[in-house]
Amino acid sequence: MGLDENGAAGSSEMKDPRGKLTSNLHGEDFEDKTRGPLNEGGLYAERQGYHLPSAPTSNWSTSSLGPMSGLQKAGVNFYATTIDLEMPVGYDIPISFSFSNTTTAAVNMTGGIPAYRCQIYVNGYQFGKYVHNIGPQDVFPGLEGIWNYHGSNYVAVSLWSLEAAGAAVGNLSLVAGPVLQSGYGPIELSPMTGWSPRAGAY
């Protein structure tokens, strides 16, 4: 999404770049063989591997509001936390991330709706992309097996403010769905390879 769309035949709008573009670290020779080439993109935090469990976040600034604190200008912030779960055995309890819309920002190109995007990661797996000013999806359900229902989970969220006025997430909640008693057995966890220094990361 780094170029203008070309809606009119014969025009050259799509040749107008929107800033410097980069892709995932090392391109086709991608780093994360566990989760695959489509799991991460070109954000600085992704290239460094900060969306992966055990990322070195101890010296990061702390915020009680996370992405709800927002940015005052165009740019990207990256947030991470650990969530411990202990769900009852024998029950199917869906977990979803839920965003709420916001109109708090200066009037901008989108008619007053703040233009920002978020990406969600659980234990290194990208769970969803939220595009606030376009939508329509604002609830992103998760899966047991990527979520560790009986232990610690590393959760990360990127916030990309697209315009000079900045943006903040109205609200981001973790919500549980219907609690259903189930006959299925224990769910095996997906591979959870963690962070390690990445050669050539920039």
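The values are calculated or read from the model by the stated rules, or taken from the named source; none is laboratory data. Being a predicted model, the structure only gives us computed values, none of them experimental. Because the Cβ atoms are built from the backbone with ideal geometry, glycine has one as well, and the counts that use them run over all protein chains shown.
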* Pro67 part of a helix (DSSP H, G or I), modelled with pLDDT under 95 and of a type outside the set (Lys, Arg) -> yes
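Going by the structure shown, is Ser54 in contact (Cβ under 8 Å) with a residue 60 or more places away in the chain, surrounded by 13 or more Cβ atoms within 10 Å (Cβ to Cβ), under 21 Å from Phe99 (Cα atoms) and over 14 Å from the mean Cα position of the chain (by Cα)?
Taking the combined requirement at face value, the residue does not satisfy it.
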